[in-house]
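Peer 1: The structure's right below; bear with me while I get my questions together.
The values are calculated or read from the model by the stated rules, or taken from the named source; none is laboratory data. Worth saying up front: this structure is predicted, and the values here are computed from it rather than measured. Cβ placement follows ideal geometry from the backbone for every residue including glycine, while neighbour counts extend to all protein chains displayed.
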Amino acid sequence: MKFVKLTSIAATLCTAAWVSFADRAEASEWGCEVLLCASSSNPAWRGVPACHPPMHRLISAMGKWGFSWPTCPEAGTGRPGYEAYEECPAGWSVGSSNQDHGAGQGDLCVQVHNSCPNGFGGRDGCEETVTMPRPMREDPHYFDIRHDDGNVTRHWFNLRK
């Protein structure tokens with residue numbers, strides 16, 4: 001009787017381990033599909049019909065509770081990065097429209113001009129701060145892919161359908 005129970009428990013554990021392994025393998029395969037599709041640039045993933053199923057599945061899954069980004073361990077990339085904003089133009093620095101409430105989002109580009117009349121130098125009160133909205137990235141998500149030679153290539157993408 002004990003042997004039958006132990007055999008049954010062992011079979012259940014083996015089945016659970018196999019299902020867990022199968023789930024990880026399937027998740028890894030999906031993660032690698034997502035990585036390949038996201039890193040497609042000419043055309044982007046939307047222009048590659050084979051990329052529609054894994055990417056639409058990803059977009060749908062992202063809205064669900066407990067979402068975890070599917071990864072591709074074989075590529076060593078992990079989860080993607082996200083940067084909503086482009087760099088500010090040359091001569092401008094990053095600023096925030098929310099200075100009073102912590103670090104802010106870096107949603108502005110800022111430039112400080114000396115507005116003093118000639119001969120007044122840089123007196124206090126003679127500076128004019130000019131701001132503009134920081135440009136939004138067309139493709140805010142990215143994967144950094146490390147090559148065998150140690151170099152890294154950043155592949156930008158978006159998740160708009």
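Peer 1: Among the candidates A22, A27, single out the residue that is modelled with pLDDT under 90, under 24 Å from W156 (Cα atoms) and of a type in the set (A, V, I, L, M). Show your work before the answer.
Peer 2: Numbers: A22 fails: under 24 Å from W156 (Cα atoms).
Every option except A27 fails the conditions.
Peer 1: Go through E127, E74 for me and flag whichever is in the same structural domain as I59 (by TED's automatic domain parsing) and at pLDDT below 90. Before the answer, list the steps.
Peer 2: Working: E127 fails: in the same structural domain as I59 (by TED's automatic domain parsing).
None of the other options fit; the residue is E74.
Peer 1: Return yes when C109 is outside the structural domain of C51 (by TED's automatic domain parsing), touching a strand residue (DSSP E or B) at 6+ places or on another chain (Cβ under 7 Å), at pLDDT 85 or above and surrounded by 10 or more Cβ atoms within 10 Å (Cβ to Cβ) and no when it is not. Spell out how you get there, then give the answer.
Peer 2: On the way: outside the structural domain of C51 (by TED's automatic domain parsing): yes; touching a strand residue (DSSP E or B) at 6+ places or on another chain (Cβ under 7 Å): yes; at pLDDT 85 or above: yes; surrounded by 10 or more Cβ atoms within 10 Å (Cβ to Cβ): yes.
For C109, the condition - outside the structural domain of C51 (by TED's automatic domain parsing), touching a strand residue (DSSP E or B) at 6+ places or on another chain (Cβ under 7 Å), at pLDDT 85 or above and surrounded by 10 or more Cβ atoms within 10 Å (Cβ to Cβ) - is met.
Peer 1: What is the one condition in (1) surrounded by 12 or more Cβ atoms within 10 Å (Cβ to Cβ); (2) at pLDDT 90 or above; (3) assigned to a loop (DSSP other than H, G, I, E, B) that K64 does not satisfy?
Peer 2: (1)
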